[in-house]
Amino acid sequence: MDYKAAFRNAVEQVRGEGRYRVFADLKRHRGHFPYATWKPPAGEPRDVVVWCSNDYLGQGQNQVILEAMHKAIDEAGAGSGGTRNISGTTCYHVELEHELADLHGKEAALLFTSGYVSNEATLATLQKILPGLIIFSDELNHASMIAGIRNGGGPRKIYRHNDLEHLESLLAAAPADAPKLIAFESVYSMDGDISDIRATAALARRYGALTYLDEVHAVGLYGARGGGVSERDGAADQIDIIEGTLGKAFGVMGGYITATADLVDAIRSYASGFIFTTSLPPALTAGAVASIRWLKEHNEVRVRHQERAATLKRRMLAAGLPVMPSVSHIVPVLVGDPVHCKMISDMLLTDHGVYVQPINYPTVPRGTERLRFTPTPFHTDPMFDDLIRAMEALWARCNIQRLGGYAA
């Protein structure tokens, strides 16, 4: 067996489809977000504006958070020292879980090393605790949710995206006495649409199902205190399990679930993805606590964030650019071809100092390749001007179809 050739051929297949991913070597500028220094493969480093960061509110640069992280390093050192069960539960972890439970109005929270792990571990473990659990999953759920559902090995039903009639038909056809769970997201990060949480929760009650809501792209960004779309819509108390991340709006790293104390204790006791991994460093957990507390008290940053996203959508539409329908802070621009998508992304970076990553298959379906813009409260009107000029020039140069049937 020629192992090296097998790996090389696998990569060449990706290259041949035009979806080979190249990482941009960036160095963020503390205090000057969203600027960063890009180091190209050849040539001198140059400053660019980052337009695709998931640090949606620039909290990774917030001085309050940085000071909390420095203080934790000075007090406790670098690492946590072990798994949560073996010396890795510190006062910082306990404080953070209390803060997360309060954020979502739940009895308890459980901290994981990432949002991916919290989804995969929890959804797989629920199927061990509840034999025969049928999971009803939105077809556009994140890869981590899909992995957890599959790894649990139980029966699953996939319903059409945000189609509650289809979901109800599947629920009605399932055995009435079988345990059930509906797994869905609030904000879908590639299209920017938002689910109907209250209506989904009502269906769950009607058919005796638990609800599992991924708020990864909404926590910190929606609701009066940043509890997500479920808080904004007054539906958090109707959801059994709310999952989120600390690596996006909160600006640090980690994932979590919040739920009843009994449910959280059961996941804590059975989930391999929690039990057998080293816990997050104290500096990260201290930073997350500071970020959550700060955002609970500063709704004005969420207001500014929504205004920036709405303004960018409006300006792109006015320029005739094919902005895909989005009711959230996500601004996706359709290209529809992986080669063109990467070409435009490359030219924006090299010729205009604009960094936005191409989004290709398997993240999105083939034929829907796009550029995904995430304006923050720190993107200024002059930055918008530069971006629109660059996009207009490149759309004409690359002969990409202009606006055709898309509207915000």
Quiz item: Over the Cα atoms of the chain, Rg to Rh with Kirkwood Rh, two decimal places?
Solution: 0.97
Quiz prompt | Distant-in-sequence amide H partners of Val216 (H built 1.01 Å from N, under 5 Å) | solution = Ser186
Practice problem: Of the options Tyr159, Ile86, His70, report the single residue whose Cα projects farthest towards the positive end of the charge dipole of the chain (beta-carbon charges: Lys, Arg +1; Asp, Glu -1). | Solution: Tyr159
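Could you sort Trp294, Trp38 by their accessible area in this structure, using a 1.4 Å probe and putting the largest first?
Working: Trp294 65, Trp38 25 Å².
Of Trp294, Trp38, the descending order of accessible area is Trp294, Trp38.
Return the calculated 222 nm mean residue ellipticity for the chain, to the nearest 500 deg cm²/dmol, obtained by summing -39500 (n - 2.57) across DSSP H runs with n ≥ 4 and dividing by the residue count. Mind showing how you got there, number by number?
Working: 14 runs with 172 residues, N = 408.
Rounded to the nearest 500, the figure is -13000 deg cm²/dmol.
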Quiz item: Could you give the angle, 0 to 90 degrees to the nearest 10, between helix 338-352's Cα long axis and the longest principal axis of the Cα atoms of the chain?
Solution: 60 degrees
Self-check item: Anisotropy class of region 128-243 from Cα gyration tensor, a/c 1.5 cut
Solution: prolate
Practice problem: Would you please give the residues with an amide H less than 5 Å from that of Phe136, counting only those at least 5 places away or on a separate chain, with H modeled from the backbone geometry? | Solution: Lys157, Leu181, Ile182, Ala183
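Need one number: % antiparallel among DSSP beta bridges in the chain, to the nearest 5.
Numbers: 25 of 44 bridges.
The answer is about 55 percent antiparallel.
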Quiz item: What are the lysines whose alpha-carbon lies under 28 Å from the alpha-carbon of Lys4, with same-chain residues fewer than 8 places away excluded?
Solution: Lys342
Exercise. Rounded to whole Hz and in sequence order, give me ³J(HN,Hα) for region 272-277 from the Karplus expression 6.51 cos²θ - 1.76 cosθ + 1.60, θ = phi - 60°, writing x for Gly and Pro.
Key: 4, x, 9, 5, 9, 9
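Can you tell me, using C-alpha contacts under 8 Å and at least 6 residues apart, the relative contact order of region 162-208 as a whole percent?
Values: 23 pairs, mean separation 20.5, N = 47.
That works out to 44 percent.
Top to bottom by accessible area (1.4 Å), largest first, where do Lys106, Lys180 land? If you can, show how the numbers build up before the last one.
Values: Lys106 35, Lys180 5 Å².
Order by accessible area, largest first: Lys106, Lys180.
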Self-check item: Per-residue SASA entry for Glu369, accessible area with 1.4 Å probe, Å² rounded to 10
Solution: 10 Å²
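Given Cα pairs under 8 Å that are at least 6 residues apart, what percent is the relative contact order of region 184-307? Intermediate values should be presented prior to the final figure.
Working: 165 pairs, mean separation 26.1, N = 124.
Reported relative contact order: 21 percent.
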Exercise. Mind pulling the angle between the C-alpha long axis of helix 197-206 and the longest principal axis of the chain? Nearest 10 degrees, somewhere in 0 to 90.
Key: 30 degrees
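Can you compute the FRET efficiency between Asp25 and Ala176 using 1/(1 + (r/R0)^6), with r the Cβ-Cβ distance and R0 = 41 Å? Round to the nearest 0.05. Intermediate results must be reported in sequence, preceding the final value.
Values: r = 56 Å, r/R0 = 1.36.
Efficiency, from the Cβ-Cβ distance: 0.15.
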Practice problem: State the percentage of accessible surface on the chain attributable to carbon and sulfur atoms; use a 1.4 Å probe and exclude ligands, DNA and RNA. | Solution: 54 percent
Exercise. Just grab the label-to-label distance for Asp163 and Asn9, each label 7 Å out from Cα along the Cβ direction, in nm (one decimal).
Key: 3.8 nm
Exercise. Would you check the accessible area of His142, probe 1.4 Å, heavy atoms only, in square angstrom rounded to 10?
Key: 80 Å²
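For the chain, report the accessible area per residue in Å² (1.4 Å probe, heavy atoms, rounded to an integer). Please list the in-between numbers first.
On the way: 17810 Å² over 408 residues.
Ligands and nucleic acids excluded, the figure is 44 Å² per residue.
By accessible area of protein heavy atoms, probe 1.4 Å, what ranking do Cys341, Cys52 get, highest first?
Working: Cys341 0, Cys52 25 Å².
The most accessible residue leads, giving Cys52, Cys341.
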Quiz prompt | Dipole-positive endmost among Leu210, Ile239, Met253 within region 201-275 (Cβ charges, Cα centre) | solution = Met253
Quiz item: How far is helix 282-296 tilted off the main Cα axis of the chain, in degrees rounded to 10, range 0 to 90?
Solution: 80 degrees
Exercise. Run the quick spin-label model on Asp386 and Val64: label points 7 Å from Cα toward the beta carbon, then report their separation in nm to one decimal.
Key: 2.9 nm
Quiz item: Under a straight-distance cross-link criterion of Cα-Cα below 28 Å, which lysines are reachable from Lys296, leaving out those fewer than 8 residues away in the same chain?
Solution: Lys71, Lys106, Lys248, Lys313
Practice problem: Any chance you could look up the accessible area of Asp196 with a 1.4 Å probe, heavy atoms only, rounded to 10 Å²? | Solution: 80 Å²
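Defining a contact as two alpha carbons under 8 Å apart and six or more residues distant in sequence, what relative contact order in percent does the chain show?
Rounded, it is 21 percent for the chain.
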Self-check item: Whole-Hz ³J(HN,Hα) from phi, Karplus 6.51 cos²θ - 1.76 cosθ + 1.60, for region 33-44, glycine and proline x
Solution: 4, x, 6, 8, 9, 9, 9, x, x, 9, x, 7
Quiz prompt | Cross-link partners of Lys180 among aspartates and glutamates (Cα-Cα below 15 Å; sequence separation of 8 or more within a chain) | solution = Asp138, Glu168, Asp240
Quiz item: Which residue, chosen from Pro375, Gly60, Val301, occupies the Cα position most advanced towards the positive end of the dipole of the chain, where the dipole is computed from +1 (Lys, Arg) and -1 (Asp, Glu) charges on Cβ about the Cα centre?
Solution: Pro375
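The values are calculated or read from the model by the stated rules, or taken from the named source; none is laboratory data. From a predicted model like this one, the values you see are computed outputs, not experimental measurements. Positions of Cβ are backbone-derived with ideal geometry, glycine not excepted, and every protein chain shown enters the neighbour counts. Calculation scope for accessible area: heavy atoms of the full protein, side chains included, ligands and nucleic acids excluded. Shrake-Rupley method; radii C 1.70, N 1.55, O 1.52, S 1.80 Å.
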